[in-house]
Amino acid sequence: MQKTSGISRRTIIKGISAVPLAAALGPVRAQNRAKVIVIGAGLSGLNAALLLEEQGIDVQVIEGRNRVGGRVLSHRNVNGNPESGGTSFGPGYARLMDACRKFKVGLIDVTPIVPFFNDRELVLDGKPIPKADWPTHPKNPFPEGMKQLPPWAYLMPIIGKNNPLKTGDAWLNPANARYDISLHDWLTSLGVSEEIIELCWNTNPNHGTTAYDVSAMMVLFGHTFAMIQAQLGGKTWGYTAVGGNQSIPEAMAGGLRKPVHFEREVVGIRTTGSGAEVHCADGTVYKADHVVCSMPMSVLRRVHIDPLIGGAQGLAINTLSSQQINIVHLSIKKPFWEEDGRNPNIFSNGLAGMVVPERKGKTPQEITSLTIWIRGRNATWMDTLEEKVAIEAIMDDFYKTRPAARGKVEVAAYKSWYHDPFSAGDWAVWAPGQVTAFAGAVGNAHGRIHFCGEHTSVSNRGMEGAMESGERAAFEVLELG
């Protein structure tokens, strides 16, 4: 990032919201012209760009990172190319599957490994609890008749049984606004105890930090999407791409007429009645008729937009957060689980909350690496630490749980999405009240700026949601000509 008198360009931008953009940024280094500038080379931005190019539109994609993929990240330095984002996708991801076919990305059916994934060792307060002991264990909070269920399998049947959303877009229906309350409050209204919520959600939450700070509507939407995907997929649970899922955006980028411009950190966007400008931290300016912006709100709020965005959409930009999650990938020197005779797949209330064996070898039985997922309050704490200290803390907890692993694994990769300046978190997290407050406005065009990204999707989530949103943004531009 360029500096002026010891102050970063981004710092200047944040302090001069009332100042015209040109005056704020000062002299520019270069100018580039295209019909449409697409900000972000993730799935949403790339899909928008490719669809526009198909209609003969001149498009330039710019990306802050030095790679494509956005929050799809495959670690090619680790055996099996494990993922830190965009872990897998179902056959019902129609847009994503079409891109794989079009750009000849090979697929690997992960259905055979699902039974292994669902078979986990339960570790509470550092002590393993055998399956046979769990139904009568003093830490088991479940009611009679349900005590045989493990913590990771208890809540989903309750959520499914009481889920009122039957279609992918039902979460945006005002008739369902009463479910835009905290997941905690919705679960307790169904008779779920505090102890169960703490064990089954807060220990390793899929969304938010705890059940208090995520809307039940988001969880219900996610469940509906998963059920629809299960119906579409039939006997096939899902896929990963050959070479890692990052192969998909890489192949898509390879199909563009113009190469992606990397290391273009956007600090300002200005629109007028006749065009738009995108200003980058290095002084580069891009001019276009339209801008397609895929930045998540947690990053977009740092960008100077002229004219300012107000109302519900402005509230979304300033308050919609992204999931804090940390991932450690371990290379295996020796299969320690054969030594201690325990399951390498772990669900724990410790710092190393989920340990997942990656089975990306020739057979489902072959373990190619281990992935440790740190979620919820643990992830929030991790992100207060320097990376080296964070890794040491995670591995210390892991070794306390699995002493046989010491000296037999090696940290090969670490990812904090919160500390990634181009995402500031992973997927969007809708807090209680936010769905009704601005979900319907979050993807609205602002003059000549068109927004995409999974946070703006209507009927899909994850990678398919990103593709859906890019498609919508492209159609908006085409309709305006």
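The values are calculated or read from the model by the stated rules, or taken from the named source; none is laboratory data. All of these numbers come straight from a predicted model, not from anything done at the bench. No Cβ is skipped: glycine too gets one built from the backbone with ideal geometry, and neighbour counts run over all protein chains shown. Please note that ligands, DNA and RNA were not included when accessible areas were found on the heavy atoms of the full protein model with its side chains. Shrake-Rupley method; radii C 1.70, N 1.55, O 1.52, S 1.80 Å.
Given R0 = 45 Å, the distance between the Cβ atoms of HIS261 and PHE117 translates into a calculated FRET efficiency of 0.70. In this entry, segment 193-264 is assigned a mean projected area of 8.9 nm², taken as a quarter of its C-alpha convex hull surface. Note on the chain: antiparallel DSSP beta bridges, both residues inside, total approximately 65 percent of the bridges counted.
Would you kindly state how much longer the chain becomes between ASN162 and VAL458 on full extension, computed as 0.36 nm times their sequence separation minus their alpha carbon distance, in nm to one decimal? Length gained, ASN162 through VAL458: 104.4 nm. Taking R0 as 35 Å, what's the FRET efficiency between ASP340 and GLU198 from their Cβ-Cβ distance, rounded to 0.05? After rounding to 0.05, the efficiency reads 0.80. Computed about the Cα centre, the dipole magnitude for the chain is approximately 800 debye when only Lys and Arg (+1) and Asp and Glu (-1) carry charge, each at its Cβ.
Taking the Cα centre of segment 166-215 as reference, the dipole from Cβ charges on Lys and Arg (+1) and Asp and Glu (-1) amounts to some 240 debye.
Let me know the charge dipole size of segment 233-304 about its Cα centre in debye, to the nearest 20, where only the beta-carbon of Lys, Arg (+1) and Asp, Glu (-1) is charged.
Around 180 debye, computed over segment 233-304.
The trypsin sites (Lys or Arg not before Pro) of segment 273-369 meeting both criteria, a DSSP state outside H, G, I, E and B (loop) and at most 13 other C-beta atoms within 10 angstrom of the site's C-beta, are LYS333, LYS362.
Take the cross-link list LYS102/LYS360; LYS161/LYS415; LYS102/LYS415 and give me the ones stretching past 26 Å between alpha-carbons. Over 26 Å Cα-Cα: LYS161/LYS415; LYS102/LYS415. Take every pair of alpha-carbon atoms less than 8 Å apart whose residues are at least six positions apart; their mean separation over the length of segment 331-395 yields a relative contact order of 25 percent. Projecting the Cα atoms of GLY283, GLY353, PRO259 onto the dipole axis of segment 239-377, where Lys and Arg carry +1 and Asp and Glu carry -1 at the beta carbon, places GLY353 farthest toward the positive end. Look at the dipole of the chain built from charges on Cβ: of PRO138, TYR179, HIS223, the Cα furthest out on the positive end belongs to HIS223. Just to confirm my numbers, what's the Cα centroid distance between segment 198-258 and segment 89-151 in Å? A separation of 14 Å, based on Cα centres. Translational diffusion coefficient, Stokes-Einstein: compute it for segment 46-149 using the Kirkwood radius over C-alpha pairs as Rh, at 20 °C and 1.002 mPa s, and state it as an integer in µm² s⁻¹. It diffuses with D of about 115 µm²/s by this estimate. Taking the accessible area of segment 88-148, probe 1.4 Å, and keeping the other protein chains in place, the carbon and sulfur fraction comes to 59%.
A straight line joining the Cα centroids of segment 457-474 and segment 414-428 runs 20 Å.
Does segment 327-476 come out rounded, prolate or oblate, given a ≥ b ≥ c as the square roots of the eigenvalues of its C-alpha gyration tensor, rounded meaning a/c under 1.5 and, failing that, prolate meaning a/b above b/c? Here segment 327-476 falls in the prolate category. In segment 386-481, a dipole from Cβ-located charges (positive for Lys and Arg, negative for Asp and Glu) runs towards its positive end, and of ALA474, TYR418, THR456 it is TYR418 whose Cα lies farthest in that direction.
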